[in-house]
Structures are given as structure tokens and as C-alpha cells.
1. Go through (1) part of a loop (DSSP other than H, G, I, E, B); (2) without any contact (Cβ under 8 Å) to a residue 60 or more places away in the chain; (3) not hydroxyl-bearing (Ser, Thr, Tyr) for Leu2 and report which single condition fails.
2. Could you please tell me which pairs satisfy a Cβ distance under 6 Å, a separation of 6+ or placement on different chains, a first residue in region 11-22 that is under 14 Å from Leu34 (Cβ atoms), and a second residue that is charged (D, E, K, R) and open to solvent by less than 50 Å² (accessible area, probe 1.4 Å)?
3. Identify the residue in region 1-26 that is of a type in the set (A, V, I, L, M, F, W, C) and modelled with pLDDT under 90 and, among all such residues, is surrounded by the most Cβ atoms within 10 Å (Cβ to Cβ).
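The values are calculated or read from the model by the stated rules, or taken from the named source; none is laboratory data. A quick note: this is a predicted structure, and the numbers were derived from the prediction, not measured. Here the Cβ is made from the backbone with ideal geometry for all residues, glycine too, and neighbour counts use every protein chain on show. To get the accessible areas, we keep the full protein, side chains included, count just its heavy atoms, and leave off ligands, DNA and RNA. Shrake-Rupley method; radii C 1.70, N 1.55, O 1.52, S 1.80 Å.
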Amino acid sequence: GLCPSGWHVPTLGEWTALEDYMDAGCYYHPGSRLRTTYGWASSSIGYGSDDFGFSALPGGERSYWNGFFYDAGTDGFWWSSTLNGTNAWRRKINAGYNSIYQSGGNPKNGSSVRCIKD
């Protein structure tokens with residue numbers, strides 16, 4: 001129910017396929033290649049290049065237990081539809097690093113969602 005009809009939240013495998021595509025093309029620094037060219041906290045790395053039109057923005061996350069927002073401006077978190085026990089897998093891009101990270105997160109927390117076409 002998060003995405004409009006004809007679209008879906010990517011699975012863990014679909015996130016991995018995106019990263020594999022980037023690796024196969026020797027696209028170094030995948031996190032910076034998905035970040036927008038604006039909106040990220042300044043760092044020695046600088047803004048992203050948005051080479052793939054992903055337009056990743058640093059929305060941070062919202063905690064379900066206290067309602068506070070954390071890491072906006074420095075971190076972007078995107079859900080997958082794949083569960084990891086009681087958590088769900090998600091991807092993280094950080095302003096200070098060029099990598100994409102995988103972690104489990106409580107699905108009650110608020111993170112960004114990237115919908116992809118069926």
C-alpha cells in the first residue's frame with residue numbers, strides 16, 4: 001500500500017541488482033552517484049553526481065518510539081520490502097561516504113521509500 005498501482009517497494013534482491021549493475025559498469029563510489037547535486041550536508045566528499053537519476057535526498061528517519069527525526073541532511077534511508085526477522089532490510093547513503101550500506105531497521109520507523117515500476 002505504500003506505492004501507487006503498478007509500482008512496488010523494491011525487494012532486497014532488486015536493491016542488490018542495482019548495486020551489481022553499478023559494480024559491473026565500474027561505477028566507483030555508488031552512493032555519491034545516486035545522491036542529488038544539492039541538499040546534502042557539506043563534507044570533504046562534496047555533493048553527489050546523480051548519474052542514474054535516482055535523486056537520493058538525505059531524509060533521515062523518524063523514530064517510532066519518540067517521534068523525533070534524526071540524520072536529515074546527512075543520511076538517507078530507503079526501505080526494501082524484504083523482512084529480516086522482525087525488522088526490514090533497508091539501504092543507507094551517507095553524506096560523508098561514497099558507499100551504499102545495508103542494515104535492518106524497525107519497520108515502525110519512518111524512512112524514505114523508492115517505488116519502482118512493476
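1. (2)
2. So the pair list comes out as Trp15/Arg91.
3. Initially, region 1-26 is screened for residues of a type in the set (A, V, I, L, M, F, W, C), giving 2-3, 7, 9, 12, 15, 17-18, 22, 24, 26.
When the remaining residues are screened for being modelled with pLDDT under 90, the result is 2, 22, 24, 26.
Values: Leu2: 10, Met22: 19, Ala24: 8, Cys26: 6.
Among those residues, the one meeting the criterion is Met22.
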